[in-house]
Amino acid sequence: MSPDGRSQRHRPAYRRMPWLTTLAVIGVIAVLVVIMWIPVAATSTPSYCSSCKATKKAGQTWQTSVHSKVNCTQCHVQPGIKNQIAWRSKEWLNIWADYLNVPRVDQQGDRPTNGNCTPCHDLKTIASVHGDVKMPHDRHVTISGLVCADCHDKVSHGTRADAGKVSMTVCGMCHQQQIEQNDCSFCHVKQVAPSDPHPDDYIAEHGKEALQDEAACLRCHHDSAAFCDSCHARPTPDHFSGTWRYTHGAEAKKDRAGCLGCHSEQDFCQECHQVSHPDDWLQTHGKVAGEGGGSCLTCHPQAMCDSCHEGRS
């Protein structure tokens with residue numbers, strides 16, 4: 001009984017220990033915070049983006065690019081808190097889907113929009129003339145509707161040397177007529193002589209230079225399929241004779257540069273020609289040839305073997 005004569009009801013155990021309830025609530029909240037925060041923190045790191053096999057190469061090129069200090073999400077997730085939440089929500093599900101071994105949510109990083117670029121690159125502060133090239137960025141973006149990445153596609157996933165290079169392929173989408181008419185002054189400040197800038201022997205010698213810097217050629221010959229393949233996609237008939245690998249030597253000596261227009265001497269020619277047989281190879285080659293695999297026939301025709309061995313069986 002209470003001092004006033006009233007009966008005192010028995011208080012439940014959880015009411016007598018409110019601190020246990022408080023700790024339980026705090027624990028649940030902490031677990032939820034961890035579950036939510038780990039994916040958010042993970043998706044904020046470039047290492048997360050490049051951890052997938054499909055994006056591994058992109059991560060490697062990003063590390064050596066001029067944008068190596070820029071987080072992936074700054075370019076590939078569109079600005080705005082709504083877009084950030086939508087992208088991270090899907091990635092949050094994918095992270096736990098991997099742990100739980102359940103299907104992932106299909107999602108790909110977006111191509112950088114102008115909204116991703118302009119916070120750092122204000123169009124009003126970019127000059128309209130860059131060296132010898134006229135390029136009013138604000139007009140191309142606001143009137144023509146181009147995206148920065150249409151031209152600057154190697155800024156984040158190319159070498160530092162490639163970052164400033166812009167292919168004329170995109171220019172030709174709107175300015176094909178000026179390109180075909182060789183109206184260089186349309187884009188260039190300096191007047192270019194109308195004569196052919198290539199040297200006289202360029203048809204024979206261009207292969208080596210093209211292999212070293214293909215992008216330099218594509219600045220003018222912007223469609224490799226239409227321009228380069230018109231010659232190089234059709235090898236001469238003697239390539240299909242069946243004996244070309246054994247008879248090409250004489251032709252290669254007469255027109256070495258012509259061969260190097262398509263074939264790299266280091267990677268292609270040396271595959272066969274760097275082989276050095278020992279001095280006693282005539283007497284000892286039989287064991288290697290007997291192991292099969294056709295290794296000898298890579299360089300030598302069967303007729304060469306038959307000319308010696310057909311009468312010794």
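The values are calculated or read from the model by the stated rules, or taken from the named source; none is laboratory data. This is a predicted model, so every value here is computed, not measured. Cβ sites come from the backbone with ideal geometry, for glycine too, and all protein chains shown count toward neighbours. Surface accessibility is based on the protein's heavy atoms, side chains included, excluding ligands, DNA and RNA. Shrake-Rupley method; radii C 1.70, N 1.55, O 1.52, S 1.80 Å.
Quick one: net charge of Ser128's neighbours, Cβ under 12 Å, K/R +1, D/E -1?
Values: positive: Lys124, Lys134, Arg139; negative: Asp138.
Result for the neighbourhood of Ser128: +2.
Ile29 accessible area, nearest 10 Å², 1.4 Å probe?
Rounded to the nearest 10, that gives 90 Å².
Considering amide H positions built from the backbone, and no H for Pro or chain starts, which residues 5 or more places from His130, or on another chain, come under 5 Å of its amide H?
Met135
Hey, rough spin-label estimate for Asn114 and Ser295, points 7 angstrom out along Cα→Cβ, what's it come to in nanometres?
6.1
Evaluate the distance, in nm, between pseudo-label points positioned 7 Å from the Cα of Ser89 and of Thr61 along their respective Cα→Cβ axes.
Those two pseudo-labels are separated by 3.2 nm.
Just to verify a number: FRET efficiency for Cys231 and Asp162, C-beta to C-beta distance, R0 = 35 Å, to 0.05?
0.85
Under 12 Å from the Cβ of Thr43, count the other residues' Cβ atoms, weight Lys and Arg +1, Asp and Glu -1, and hand me the total. Write down the numbers at each step before the final one.
On the way: positive: Arg88, Lys90; negative: Glu91.
Net charge in that neighbourhood comes out at +1.
Ignoring ligands and nucleic acids, what accessible area does Met168 show with a 1.4 Å probe (Å², nearest 10)?
Probe radius 1.4 Å; accessible area of Met168 about 50 Å².
Return the FRET efficiency for the residue pair Glu271, Lys134: r is the Cβ-Cβ distance, R0 is 45 Å, and the value is rounded to the nearest 0.05. Don't skip to the end; give the middle numbers.
Numbers: r = 47 Å, r/R0 = 1.04.
So the FRET efficiency works out to roughly 0.45.
Ranked by accessible surface with a 1.4 Å probe, highest first, in what order do Cys75, Cys184, Cys120 come?
Reading off the accessible areas and sorting them downward yields Cys120, Cys184, Cys75.
Would you compute the Debye intensity of the stretch 147-278 from its alpha-carbon atoms alone, equal scatterers and no solvent, and pass along log10 I(q)/I(0) at q = 0.18 Å⁻¹ to two decimals?
Here the Debye-derived log intensity ratios amount to -1.16.
Computing the accessible area with a 1.4 Å probe over protein heavy atoms, can you report the carbon and sulfur percentage for the stretch 226-301?
Details: 3370 of 5940 Å².
Taking all protein chains in place, the stretch 226-301 shows 57 percent carbon and sulfur surface.
Could you work out how much longer the chain between Asp255 and Ala216 gets when fully extended? Use 0.36 nm per residue separation minus the Cα distance between them, nm to one decimal.
Length gained, Asp255 through Ala216: 11.6 nm.
Express the accessible area of the stretch 173-295 per residue in Å², computed with a 1.4 Å probe while the remaining protein chains stay in the model.
80
Treating the beta-carbon of each Lys and Arg as +1 and of each Asp and Glu as -1, no other charges, what is the dipole magnitude of the stretch 148-287 about its Cα centre, to the nearest 20 debye?
Taking the Cα centre of the stretch 148-287 as origin, the dipole is about 160 debye.
Counting Lys and Arg as +1 and Asp and Glu as -1, what is the net charge of the other residues whose Cβ lies under 12 Å from the Cβ of His188? Numbers along the way, then the final one.
On the way: positive: Lys134, Lys190, Arg219; negative: Asp132, Asp183.
Local charge sum for His188: +1.
Quick one: length gained pulling His309 to Asp183 fully straight, 0.36 nm per residue minus the C-alpha distance?
38.7 nm
Highest mean first, how do 148-161, 210-223 rank when packing is the count of other Cβ atoms within 10 Å averaged over residues? Don't skip to the answer; put the middle values down first.
Details: 148-161: 17.2, 210-223: 13.9.
Going by the mean number of other Cβ atoms within 10 Å, highest first, we get 148-161, 210-223.
Quick check on my link table: of Lys57/Lys134; Lys56/Lys165; Lys253/Lys287; Lys165/Lys253; Lys53/Lys90; Lys82/Lys165, which ones sit more than 29 Å apart, alpha carbon to alpha carbon?
Lys57/Lys134; Lys253/Lys287; Lys165/Lys253; Lys82/Lys165
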